[in-house]
Amino acid sequence: QATAKPVTYGASDRPPRGDYSLARADYTCEQPWEDYTADEHDRYARLFARQMAHVQDRACDEFVVALSHLGDAQGIPRFADINIVLRQATGWELVAVPGLIPEREFFTLLANRRFPVTYWLRSEAEFDYIVEPDLFHDLFGHVPLLFNPVFADYMQAFGSGGLKAESLHALEFLSRLYWYTVEFGLMHTSRGLRVYGAGILSSVGELDYCLTSPEPNRVAFDALRLMRTRYKIDTYQETYFVIEGFGELFDATAPDFTPLYTALRDLPELGAGDVLADEKTYPPNRV
Ligand code: PHE
Ligand code: FE
């Protein structure tokens, strides 16, 4: 007990939102479900209803079909209830955490098919936008795709890959892969571009922007190219990487990254908005 130290997002001048004294040494805690107020349940229901309508025809089919597993959305679900169906679907389970956790603990949970979900919900003032991940982002954005067998395996591989990258001092590169796939990934489908990245799926504005704006680059997924690319955490992305399906993502990231990390150390970094001369890009969806 009391071994879990608070982790803050970006500038560390703000106090943590969650209570880290509730967390075990692995940073997990009980979901304090009885403590949610009526306002919080109502806010969650409104966030869910709005975003549920917004992801139709914008999120990939795999995401949309799995949304129903999050419960009736009348209020904040109990993670234990979701776990009954999730364990059966892909062997994953949700665990509550007080907020951001250190990389090693995060990757260790993923490698064991346990997904950390922040237990606290954003305030009313943050209804449209919140910088750090809260319960709504973690649950609505990330959990549906854990029901997809291929994506579920990708997330577990990411956990083991993260522990390996840490030992190779290559986390800077692997963080970019997480950012540009798990958080901000796009998929090309027979009906145009669709979103699978959780950072977009839990946001209202970026769902439209990433699919239809002429501004950002939409570059075909390439692990080496991607891991050279810096990213912005406080604006819409300047570049999105596009996969043709989760099979491609899983297969392209399965090989040993050790030689890739070695190559990356000698390659120049790319800015968040750079496009290379010869690479494949995708046009925005027509509106
Ligand atoms: N194949 C990667 C490695 O050897 C691990 C990994 C898998 C990373 C899937 C991310 C996603 O390091
Ligand atoms: Fe996230």
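The values are calculated or read from the model by the stated rules, or taken from the named source; none is laboratory data. Model, not experiment: these values are computed from the prediction. Methodologically, a virtual Cβ is constructed for each residue, glycine included, from the backbone with ideal geometry; neighbour enumeration extends over all protein chains shown. The protein model used for the area step is the full one, side chains on, heavy atoms only, and it has no ligands, DNA or RNA in it. Shrake-Rupley method; radii C 1.70, N 1.55, O 1.52, S 1.80 Å.
Helix hunt in the chain: which complete DSSP H runs extend at least 24 Å axially by C-alpha with mean Kyte-Doolittle at least -0.5?
The answer, listed by residue number, is 149-167.
In segment 195-264, the inverse of the mean reciprocal separation of distinct Cα atoms equals 13.6 Å; this is its Kirkwood hydrodynamic radius.
Express the carbon and sulfur contribution to the solvent-accessible surface of segment 20-266 as a percent, rounded to the nearest whole number, probe 1.4 angstrom. Exposed carbon and sulfur together represent 53 percent of the surface. For Y36, the accessible surface of its heavy atoms amounts to roughly 30 Å² (probe 1.4 Å, protein chains only, rounded to the nearest 10). With labels modelled as points extended 7 Å from the Cα through the Cβ direction, what inter-label distance (nm, one decimal) is found for T212 paired with A277? It works out to 3.6 nm between the two label points. For V242, nonlocal amide neighbours, meaning residues 5 or more places apart or on other chains whose placed amide H falls under 5 Å from its own, are V219, A220, F221.
Any chance you could check the Cα centroid distance between segment 167-205 and segment 1-60 for me, in angstrom? Answer, in whole Å: 20. The alpha carbons of segment 139-287 give a radius of gyration and a Dmax of 14.7, 46 Å, in that order. For segment 4-68, what ratio Rg/Rh do Cα atoms give with a Kirkwood hydrodynamic radius? Using Cα coordinates only, the ratio equals 1.09. Here the gap between V85 and L267, fully extended at 0.36 nm per residue and compared with their Cα-Cα distance, gives a gain of 61.1 nm.
Evaluated over the Cα positions of segment 72-220, the convex hull gives a direction-averaged projected area, one quarter of its surface, of 10.1 nm². Relative to the compact-globule estimate of 2.2 N^0.38 Å, the Cα radius of gyration of the chain comes out at 0.97. Think of a 1.4 Å ball rolled over the protein heavy atoms: the chain then has 45 Å² of accessible area per residue.
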